[in-house]
Amino acid sequence: MPDYPGAQGEGSGSMRAIHSPLDKTTYYGHIKNEYFPSVYLPMNKEGLDQSCEQQEPRKLAALNIEEGKNWNDYYSYYSNLVSDSNNNKQYRYKTLYLIRHGQGKHNLAESTYGSVKWEAELAQLDDYLDAQLTDLGNKQAEILLNYVQDGVENDGLKIDYVVVSPLSRAIQTALDGVYPALINNNKIKSIDSASKNQSVPIVAFEYARETIGRHTCDKRNSKTILQQRFSSVNFDYLLDEEDALWTQMRETYAQEILRAGKLLKILFELPYKNIAVVAHSGILRCITKQLGAVINEGMIGNVETGIGSGIGLQNCEFLPVLAVQIRNSQQQQEFFINK
């Protein structure tokens, strides 16, 4: 695995390390691929899909807009792009599955008491430190797992690598809502028996965490505690034992956009093609903004400038994105004109 900038205590976990400027010659975008919209199930207060009693669970492939296509068709298309990019070094491609965590205790508190009270009184209480999933959040993760498992077993869905935020609610979602499908597919008996050398790695990165600072729900536990609670996750790339990034100052939007760009750089350096990123609304919005995404009838779409508003994912929403890394500004302009 590469030795990523800032991954091993650079600047003792300083905000400067994680927010250092991006390479001005590298840009990001995505291809508006109509094989797949996102997967999201509306939940009622009991944590059940309101239509589940009347309908069979929908398959991932059944949501494809282009009739008759499935994940295998998509991967064939993707392979052709990768083959072409091997001849044209200006473009590199990755399939990213962006997944937001299930409902956390902080989400429930804000929806119960309102955003004003949450921000003024509750957001800094220790009660919400590294907020865990609620019962509804756990149920959402179970439903997510049904879809991922069905996609992997029946529709050809491929996930080679899992990147996760080091905040507990994202880790819980990854372990309960995604990872069992990958373990079963690789004939590993249980998560507890998996090691850091498992065939589908699950790795925590500081870059994937929620907006940093002020809110205690966005302060992670110590590395030691996380390793004890989630032994199947690789925490080697956390910056420090304690959370040195979290302060009383809230990370700015501009800083989070920079951090999203650095996470994308890491993802494109990985030797894996199909990567799940299990994280949070703020950082996922920034990732989709870096990729030039906008909301367009529930789909992800291109804009010519490569700068979009970003997409706000719902709890346990599963959003596949065909992402591209572009090596210079001229190629960036040509990409968005031609795509």
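Here are some notes:
- Test: residue in the range 44-63 that is within 30 Å of Gly292 (Cβ to Cβ), at pLDDT 65 or above and buried (at least 16 other Cβ atoms within 10 Å of the Cβ): no
Conditions tested, residue by residue: (1) at pLDDT 90 or above; (2) under 25 Å from Gln290 (Cβ atoms); (3) touching a Gly at 6+ places or on another chain (Cβ under 7 Å).
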{"site": "Thr95", "(1), (2), (3)": "yes, yes, no"}
{"site": "Thr112", "(1), (2), (3)": "no, no, no"}
{"site": "Leu125", "(1), (2), (3)": "no, no, no"}
{"site": "Leu129", "(1), (2), (3)": "yes, no, no"}
{"site": "Ala174", "(1), (2), (3)": "yes, yes, no"}
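- Applying a threshold of 8 Å to beta carbon distances and a minimum spacing of six or more residues, or different chains, the list of pairs starting in the range 70-90 at a residue that is surrounded by 14 or more Cβ atoms within 10 Å (Cβ to Cβ) and ending at one that is of a type in the set (S, T, N, Q) and modelled with pLDDT under 85 reads Asn70/Asn64; Tyr74/Asn33; Tyr77/Asn33; Gln90/Asn328; Gln90/Gln331.
- For beta carbons closer than 6 Å, sequence separation of 6+ or different chains, a first residue in the range 143-166 that is without any contact (Cβ under 8 Å) to a residue 40 or more places away in the chain and a second that is crowded, with 20+ Cβ neighbours inside 10 Å and part of a helix (DSSP H, G or I), the qualifying pairs are Leu145/Gly177; Gln149/Ala181; Val152/Ala181.
Yes/no matrix, rows are residues, columns are (1) under 24 Å from Gly151 (Cα atoms); (2) at pLDDT below 85:
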{"residue": "Leu263", "(1), (2)": "no, no"}
{"residue": "Leu267", "(1), (2)": "yes, no"}
{"residue": "Lys273", "(1), (2)": "yes, no"}
{"residue": "Arg285", "(1), (2)": "no, no"}
{"residue": "Asn302", "(1), (2)": "no, yes"}
{"residue": "Ile307", "(1), (2)": "no, yes"}
{"residue": "Glu317", "(1), (2)": "yes, no"}
{"residue": "Leu322", "(1), (2)": "yes, no"}
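- Sub-6 Å Cβ pairs linking a first residue in the range 117-134 that is free of Cβ contacts under 8 Å to residues at least 24 places away in the same chain to a second residue that is aliphatic (A, V, I, L, M) and crowded, with 19+ Cβ neighbours inside 10 Å, at least 6 apart or interchain, are Leu122/Ala109, ordered by first then second residue.
- Matching residues in the range 247-260 - criterion: being buried (at least 22 other Cβ atoms within 10 Å of the Cβ) and farther than 15 Å from Gly312 by Cβ: Glu251, Arg259
- Gln149 surrounded by fewer than 20 Cβ atoms within 10 Å (Cβ to Cβ), of a type outside the set (Phe, Trp, Tyr) and touching a Ser or Thr at 6+ places or on another chain (Cβ under 8 Å): no
- Within the range 206-301, strands (runs of 3 or more DSSP E) holding 2 or more residues that are within 19 Å of Gln172 (Cβ to Cβ): 274-279
- Scope the range 112-163; condition part of a helix (DSSP H, G or I), touching a strand residue (DSSP E or B) at 6+ places or on another chain (Cβ under 8 Å) and among the polar types (S, T, N, Q); matching residues: Gln140
- For the range 229-277, residues that are polar (S, T, N, Q) and over 30 Å from Lys158 (Cβ atoms) total 4.
The values are calculated or read from the model by the stated rules, or taken from the named source; none is laboratory data. Here the structure is a predicted model, which means the values were calculated and not measured. Note: ideal-geometry Cβ built from the backbone for every residue, glycine included; neighbour counts use all protein chains shown.
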